[in-house]
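The values are calculated or read from the model by the stated rules, or taken from the named source; none is laboratory data. This structure is a prediction, so every number in the text was calculated from the model and none was measured. Cβ placement follows ideal geometry from the backbone for every residue including glycine, while neighbour counts extend to all protein chains displayed.
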Amino acid sequence: MDLAAHLSAIDLLRARPGCHITDLQISEDFWEDDDSRRPRARDDFGAGCQALVDLLTERWGEPEVLDLGGHLEQLVAGERVAPPLNALCGYVPELYLWRPDGRWTAIGVGQGGEELPFQLVAAVSDGDPR
């Protein structure tokens with residue numbers, strides 16, 4: 001995991017107006033897995049996310065932890081969920097979120113299904129994430 005590259009990608013997202021999502025890292029898929037690779041990948045992605053949280057915490061202070069379960073429930077009920085949370089809530093259960101300058105920046109780990117890859121994602125937006 002290249003933390004310097006991840007920080008650079010986050011800085012590039014923050015330099016652009018509007019809301020954006022990017023995959024910082026994607027694992028292999030698990031279609032042929034005998035359940036030996038997926039737990040290791042989950043742990044690796046969790047550790048990588050935590051390392052990035054630690055670096056961003058040094059930069060911006062402690063993050064908020066945003067549970068996206070409520071956003072997913074709203075989306076399923078046909079209610080509007082603002083982007084980029086509308087895209088993230090289907091596969092990322094929680095985000096670590098900072099608001100260093102009026103915009104928010106968040107990272108998290110998601111997986112769209114047991115056979116699908118893990119994704120370390122970053123998102124930025126101007127809107128209220130609640």
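Check the stretch 27-41 and report whether any residue there is at pLDDT 95 or above and under 15 Å from Q119 (Cα atoms). Within the stretch 27-41, one or more residues are at pLDDT 95 or above and under 15 Å from Q119 (Cα atoms). Selection of the stretch 6-47 for residues being touching a helix residue (DSSP H, G or I) at 6+ places or on another chain (Cβ under 8 Å) and within 22 Å of P100 (Cβ to Cβ) yields H6, L7, I10, H20, I21, T22, L24.
Being surrounded by 12 or more Cβ atoms within 10 Å (Cβ to Cβ), under 15 Å from I10 (Cα atoms) and not polar (S, T, N, Q) narrows it down to one residue among L85, L56, L116, L72; which is it?
L56
It is to be established whether one or more residues within the stretch 75-84 are of a type in the set (D, E, K, R) and farther than 12 Å from L120 by Cα.
So far as the stretch 75-84 goes, yes, one or more of its residues are of a type in the set (D, E, K, R) and farther than 12 Å from L120 by Cα.
When the stretch 40-99 is filtered for residues that are among the charged types (D, E, K, R) and under 13 Å from G110 (Cα atoms), the ones remaining, listed by number, are R42, D43, D44, D67, E94.
Residues in the stretch 3-10 include at least one that is surrounded by 15 or more Cβ atoms within 10 Å (Cβ to Cβ), in contact (Cβ under 8 Å) with a residue 60 or more places away in the chain and not small (G, A, S). Selection of the stretch 1-13 for residues being among the charged types (D, E, K, R) and at pLDDT below 95 yields only D2. Exactly one residue among A77, A123, A51, A47 is touching a strand residue (DSSP E or B) at 6+ places or on another chain (Cβ under 9 Å) and among the aliphatic types (A, V, I, L, M), and that residue is A123.
Collect the residues in the stretch 16-59 that are of a type in the set (F, W, Y), closer than 19 Å to E94 by Cβ and either without any contact (Cβ under 8 Å) to a residue 60 or more places away in the chain or in contact with an Asp or Glu (Cβ under 7 Å, 6 or more places away or on another chain) (or both), keeping them in residue-number order. Those that are of a type in the set (F, W, Y), closer than 19 Å to E94 by Cβ and either without any contact (Cβ under 8 Å) to a residue 60 or more places away in the chain or in contact with an Asp or Glu (Cβ under 7 Å, 6 or more places away or on another chain) (or both): none in the stretch 16-59.
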